[in-house]
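Report on one structure; see the data block that follows.
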Amino acid sequence: TPDAPLLELRGMRVFYGAIEALKGIDLTVGKGEIVALLGSNGAGKTTTLRTVSGMLQPRHGEVLLRGERIDGIKSHELVRFGIGHVPEGRRVFATMTVLENLEMGAYKFSSVDSGDLDRAFTLFPRLAERRSQQAGTLSGGEQQMLAIGRALMGRPELLLLDEPSMGLAPLIVQQIFEIIKEINDQGTTVLLVEQNATQALGLADRGYVLETGSVAMSGPAGDLLADSRIRAAYLGEG
Ligand code: ATP
């Protein structure tokens, strides 16, 4: 469907056993956008990304990619649909080199494209310098860069990023956010989960705020940044 948003969630309800983690989420991501998904611990942000990437199935509701239902399709197949997921806590292959990790990201293709590798190394020059180093010996920020680079090797149209700033020093966080902007400028749509609301909204076109499994607020990033409720709850202002 040409006019459909790239991603649309309709009434999405997700359970862990008897626990209802998502209580009917409606959300859209337009092609080319950066959309921030905010909310406190346990609000359901990670669960939302896991459901979009097929690791979890919604019990009710729909997940649509370009207007086509994708809920029920397993995560390894969704890679072929153009969804890349950088999970929480990065999870690079620790005993493999940087280069081998990047090559793993291209597993859906029959061979590794040298242009894709060049692009990853251009976005992340530090990875180029460390291409033969074991991934487990990289710093936290470098591992985050590698996790993002690995996802890009699958040429995703939609990139799901789960708290890329987690546990990183402010300077590194700033670098990662600049690279996310660059990736978006190059044409990749981004759905970004962040605790760091100010920086995420500074980067995003629009945002959604989750509270205990429901969308509490949504709108243009600038409106959310200016909203006194958001400022009080997430930006550390009373
Ligand atoms: P965080 O920033 O802490 O990751 P979040 O917004 O990503 O928070 P989720 O991890 O999606 O939140 O969790 C949503 C709800 O689902 C929480 O109440 C959480 O306790 C629950 N939950 C998450 N994972 C599981 C699981 N594997 N089994 C049972 N409940 C879970």
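Read the figures in this text as sums done on the coordinates, not as results from a lab. As the structure is a prediction and not an experimental result, all values here were calculated from the model. Reconstructed Cβ throughout: ideal geometry from the backbone, glycine too, with neighbour counts over all protein chains shown.
Below are the figures for this structure:
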| quantity | calculated |
| --- | --- |
| Percentage, to the nearest whole number, of Cα pairs in the stretch 115-238 over 22 Å apart | 40 percent |
| Environment charge of THR189, counting only residues whose C-beta is closer than 15 Å and scoring Lys/Arg +1, Asp/Glu -1 | -1 |
| Calculated FRET value between LYS181 and ALA94, using beta carbons and R₀ = 22 Å, to 0.05 | 0.15 |
| Lys/Arg +1, Asp/Glu -1 at C-beta; the chain dipole; positive extreme among LEU6, ILE70, MET153 | ILE70 |
| Cα-centre dipole for the chain with unit charges at Cβ (Lys and Arg positive, Asp and Glu negative), debye to 20 | 480 debye |
| Dimensionless Rg/Rh of the chain - Kirkwood Rh, Rg from C-alpha atoms | 0.96 |
| GNM result for the chain, Cα springs below 10 Å: residue of MET217, MET12, MET145 fluctuating most strongly | MET217 |
| Separation of alpha-carbon centers, the stretch 41-64 and the stretch 85-114, rounded to whole Å | 23 Å |
| Cβ-defined net charge surrounding GLY72, 12 Å radius [Lys, Arg +1; Asp, Glu -1] | -1 |
| Taking the stretch 78-147 and dividing mean pair separation by its residue count, relative contact order in percent (alpha carbons under 8 Å, at least six apart) | 47 percent |
| Rough spin-label spacing in nm, given labels placed 7 Å along Cα→Cβ, for SER228 and SER132 | 6.1 nm |
| When the stretch 42-95 is reduced to its Cα atoms, the Kirkwood hydrodynamic radius in Å | 12.1 Å |
| Ranked list, fewest to most other Cβ atoms within 10 Å of each Cβ, for HIS76, HIS85 | HIS76, HIS85 |
| Alpha carbon convex hull of the stretch 1-136, projected area averaged over orientations, nm² | 10.1 nm² |
| Antiparallel bridge percentage (DSSP; both residues within the chain; nearest 5) | 55 percent |
| Rh by Kirkwood over Cα pairs, then Stokes-Einstein D for the stretch 75-119 at 0.692 mPa s and 37 °C, µm²/s | 278 µm²/s |
| Tail beyond 14 Å, pair distance distribution of the stretch 7-69 (Cα, percent) | 55 percent |
| D_trans [Stokes-Einstein, Kirkwood Rh over alpha-carbon pairs] for the stretch 122-178, 4 °C, 1.567 mPa s, µm² s⁻¹ | 108 µm²/s |
| Size of charge dipole - the stretch 117-238 - debye, nearest 20, with Cβ of Lys, Arg +1 and Asp, Glu -1, no other charges | 320 debye |
| Pair SER111, LEU171: separation of 7 Å Cα→Cβ label points (nm) | 4.1 nm |
| Ratio of the Cα radius of gyration of the stretch 88-163 to 2.2 N^0.38 Å, where N counts its residues | 0.98 |
| Lys pairs under 22 Å by Cα in the chain, provided they are eight or more residues apart or on distinct chains | 7 |
| For the stretch 1-28 and the stretch 150-171, distance of Cα centres in Å | 21 Å |
| Net dipole in debye of the stretch 1-117 [+1 Lys, Arg Cβ; -1 Asp, Glu Cβ; about Cα centre; nearest 20] | 360 debye |
